[in-house]
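What follows is a short report on a single structure.
The values are calculated or read from the model by the stated rules, or taken from the named source; none is laboratory data. If you're wondering where the values come from, they're calculated on a predicted model, not measured in any experiment. Reconstructed Cβ throughout: ideal geometry from the backbone, glycine too, with neighbour counts over all protein chains shown. Remember, those area values only see protein heavy atoms, side chains included, never the ligands or the DNA or RNA. Shrake-Rupley method; radii C 1.70, N 1.55, O 1.52, S 1.80 Å.
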Amino acid sequence: QVHLVESGGGVVPPGGSLQLSCTASGSFVHIVAMGWYRQAPGNPRELVATVTAGQSTNYADSVKGRFTISKNSAMNTVYLKMSNLKPEDTAVYYCNVRAYLSYSSNFGDYWGQGTQVAVSS
């Protein structure tokens, strides 16, 4: 299985910055992609940003130009640098990893426990 450990959430004022990190461990043979999703109270979980094994990135329109996703493949770690944070960015942020547990199986999606980000003055 895949175990994800997230860190970096907190409370920041509008315009502030935070960096989230997520490290994957376990018995997987290949990570297809890593990413971040978020869920605000009363809303469905939504994509924030993803990065593939080939370094292709994808961002939600609402965070383009403010958030940057990156990864350290050797450490199986993904980062989300968030700048110019807005109150509407307040949510629980979840790390997602899409990985193969073996070369004969299909890939699976694995989730972290979530880390709270609150943007408030």
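Please go through the range 9-52 and give me each residue that is in a loop (DSSP other than H, G, I, E, B), open to solvent by 50 Å² or more (accessible area, probe 1.4 Å) and closer than 23 Å to residue 73 by Cβ, ordered by number.
Initial filter on the range 9-52 (in a loop (DSSP other than H, G, I, E, B)): 9, 13-17, 27-29, 40-45.
Subset that is open to solvent by 50 Å² or more (accessible area, probe 1.4 Å): 13-14, 17, 27, 29, 41-45.
Listed by number, the residues that qualify are 27, 29.
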Restricting to the range 23-71, name every residue that is of a type in the set (D, E, K, R) and under 14 Å from the mean Cα position of the chain (by Cα). 38, 45, 46, 71
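For residue 76, state whether it is within 14 Å of residue 110 (Cα to Cα), among the polar types (S, T, N, Q) and more than 12 Å from the chain's Cα centre (by Cα).
On the way: within 14 Å of residue 110 (Cα to Cα): yes; among the polar types (S, T, N, Q): yes; more than 12 Å from the chain's Cα centre (by Cα): yes.
Yes: the conditions hold for residue 76.
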Residue list for the range 91-121, filter: of a type in the set (A, V, I, L, M), open to solvent by less than 40 Å² (accessible area, probe 1.4 Å) and modelled with pLDDT under 95: 99
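Collect the residues in the range 48-81 that are hydroxyl-bearing (Ser, Thr, Tyr) and more than 12 Å from residue 95 (Cα to Cα), keeping them in residue-number order. Can you show your working first?
Filtering the range 48-81 down to residues hydroxyl-bearing (Ser, Thr, Tyr) leaves 50, 52, 56-57, 59, 62, 68, 70, 73, 77, 79.
52, 56, 57, 59, 62, 68, 70, 73 - these are the residues of the range 48-81 that are hydroxyl-bearing (Ser, Thr, Tyr) and more than 12 Å from residue 95 (Cα to Cα).
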